[in-house]
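What follows is a set of notes on a single structure, which appears directly below.
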Amino acid sequence: MAEFRLETERLWLRAWRARDADPFRRALDTDDVTRWLGGRQPLEHYARLCAAMQQSQADHGHSFWIMEDKADGAIVGFCGPRRGRHVGTPIYGELELGWRLASSHWGKGYAREAAAAAMRWCRQHRPLDRRLIAYTVPQNSASRGLMIALGMQRRSDMDFDHPDLPPGHPLRRHITYALEQPA
């Protein structure tokens with residue numbers, strides 16, 4: 001079976017490979033990138049992330065795909081759709097659009113370019129999913145700005161406390177945006 005690849009003007013979005021965990025960690029495990037994600041993590045965390053994305057791709061045909069710069073082939077982040085996995089939250093089972101980008105590539109429009117391509121893919125390949133959601137912590141103004149730029153609307157009825165974080169944690173509360181896809 002051929003590897004999944006989605007092309008944009010400057011990027012490749014592709015399925016994760018087993019060897020992606022370490023280069024992804026080296027590019028994105030920085031204080032700037034992990035600020036709203038709970039801080040830097042060991043390689044084992046990224047190995048688990050890689051395995052989870054490979055499983056999502058195998059089970060559903062999509063994941064938060066690796067984002068590669070076409071100019072040099074470097075891993076610069078991830079972006080794509082994934083099923084909301086937090087049982088007991090309003091986003092469980094929803095088609096979630098997620099992204100993460102190396103800080104060395106902030107301000108280039110890569111996240112918006114990749115997210116727009118992923119949204120087009122969802123409309124073509126997941127037409128029964130009438131809604132696409134994204135979430136972040138309230139403090140992450142950059143992600144909120146991208147959600148708005150993508151046409152998403154705030155959905156306070158879908159906000160939730162992240163189940164992986166303990167009560168009182170400053171990043172526990174998450175806010176949700178959604179885009180109702182046209183029929």
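The values are calculated or read from the model by the stated rules, or taken from the named source; none is laboratory data. Because the structure is predicted, anything quoted here is derived from the model rather than measured. Here the Cβ is made from the backbone with ideal geometry for all residues, glycine too, and neighbour counts use every protein chain on show.
Can you find a residue in the stretch 122-134 that is out of contact with any Asp or Glu (no Cβ under 8 Å at 6 or more places or on another chain) and closer than 24 Å to R19 by Cα? Checking the stretch 122-134: not a single residue is out of contact with any Asp or Glu (no Cβ under 8 Å at 6 or more places or on another chain) and closer than 24 Å to R19 by Cα.
The residue pairs whose first member lies in the stretch 147-159 and is closer than 20 Å to A118 by Cα, whose second member is modelled with pLDDT under 95, and whose beta carbons are closer than 9 Å, counting only pairs six or more residues apart or on different chains, are Q153/E180.
In the stretch 146-160 there is at least one residue matching the filter, namely being touching a His at 6+ places or on another chain (Cβ under 8 Å), at pLDDT 95 or above and either assigned to a loop (DSSP other than H, G, I, E, B) or β-branched (V, I, T) (or both).
Taken over the stretch 149-178, the criterion of being small (G, A, S) and either surrounded by 14 or more Cβ atoms within 10 Å (Cβ to Cβ) or in contact with a Ser or Thr (Cβ under 6 Å, 6 or more places away or on another chain) (or both) is satisfied by A178 alone.
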